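The values are calculated or read from the model by the stated rules, or taken from the named source; none is laboratory data. None of these values were measured; they are calculated from a predicted model. Glycine also receives a Cβ, built like all others from the backbone with ideal geometry; neighbour counts cover every protein chain displayed. We work out accessible area using only protein heavy atoms, side chains counted, and drop any ligands, DNA or RNA first. Shrake-Rupley method; radii C 1.70, N 1.55, O 1.52, S 1.80 Å.
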Amino acid sequence: MKIALFGPPGAGKGTQAAFITERLSIPQISTGDLLRSEVKKASILGQEAKGYMDRGELVPDELVLSMMGSRLASEDCASGYILDGYPRSLSQAKALDELISLDLVIVIDVEGSSLIDRITGRRMCRCGATYHLRFAPPNVNGLCDRCGQELYQRDDDKEETIRSRLKVYREQTMPIIDHYSKKGILRTIDGNRGIDRIKDSILEAVMKAGGV
Ligand code: ADP
Ligand code: ADP
Ligand code: ZN
């Protein structure tokens, strides 16, 4: 099953994608994670992408499309995947339509006022786990439950950058809702609830679409 998960920054895409990955045994493909790993390696792609990410702007299509094209062609994608943070603009959605057809698009809808709290309290681990200082704290303060490494804050999880990311979401990403709604594969989930309740609603939507 091919699923795309989208919603504003901080909506809980990464958190929820991790549950679906576990349940359906399909990989989670996060463009944000892929780009951050290129930045860390200081590859040519990473060097070009960094400035856009620091400013909270979208990385240009020509960089993202080729990165995603090769990721989706990998062997582990044969029986489906969950896209987290892709597509993020109408042009990316159209490019993806040329390549594959999605079975389900889930929007996690969260009120703007909660997003700043969710993002400023987010803490990450290098193993991929995500925590929140108040809403999903680790068992031992500052250390990952899964691997024990020290947690860190993403460079772009600062209030100035968040405002620009929210604006980009409204202006460039939201038009996709209409695109997928016309295709009849869009499901909107109320994200203003606890992590477990959202997870149940998402699994129900996946089940209805024939995925579990
Ligand atoms: P969040 O989950 O908080 O929305 P992401 O980790 O998905 O953040 O993305 C971080 C940054 O990576 C974005 O602000 C943007 O600069 C870049 N990025 C991620 N996905 C895409 C994409 N599909 N197209 C262009 N840029 C992207
Ligand atoms: P996204 O990938 O959409 O940017 P994340 O999954 O990284 O969002 O979640 C953003 C932050 O909010 C993380 O710190 C996460 O632990 C926390 N979080 C996720 N879902 C919820 C929720 N339903 N209620 C409160 N906090 C949440
Ligand atoms: Zn960890």
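Rounded to the nearest 0.05, the FRET efficiency derived from the C-beta distance between residue 48 and residue 158 at R0 = 30 Å is 0.90. Near residue 59, no amide H atom lies under 5 Å from its own; only residues 5 or more places off or on other chains count, and H is placed 1.01 Å from N.
Using Cβ point charges alone (K and R +1, D and E -1), the dipole size of the range 55-212 about the Cα centre works out to roughly 300 debye. What the range 8-165 shows is 51 Å² of accessible area per residue, with the surface traced by a 1.4 Å probe over protein heavy atoms.
Partner lysines whose Cα lies under 22 Å from the Cα of residue 167, excluding those fewer than 8 positions away in the same chain, are identified as 13, 50, 94, 158. Dipole of the chain computed with +1 at Lys/Arg Cβ and -1 at Asp/Glu Cβ about the Cα centre; of 173, 87, 207, farthest Cα towards the positive end is 207.
Remark: the residue 98-residue 40 segment gains 17.8 nm on full extension, using 0.36 nm per residue and subtracting the alpha carbon distance. Taking label points 7 Å from Cα along the Cα-to-Cβ direction, residue 140 and residue 182 give a separation of 5.4 nm.
Rounded, prolate or oblate: which fits the chain when a ≥ b ≥ c are the square roots of the eigenvalues of the alpha-carbon gyration tensor, with rounded for a/c under 1.5 and prolate only if a/b beats b/c? Could the numbers behind the result be given before it?
Details: a/c = 1.32, a/b = 1.12, b/c = 1.17.
Since a/c stays below 1.5, the shape of the chain is classed as rounded.
Summarising the overall dimensions of the range 64-171 from its C-alpha atoms, the Rg and Dmax are 16.7, 46 angstrom. Using the rule -39500 (n - 2.57) for each DSSP H run of four or more residues, divided by the residues of the chain, the 222 nm mean residue ellipticity is -14000 deg cm²/dmol. If R0 equals 45 Å, the separation of the Cβ atoms of residue 195 and residue 62 corresponds to a calculated FRET efficiency of about 0.80.
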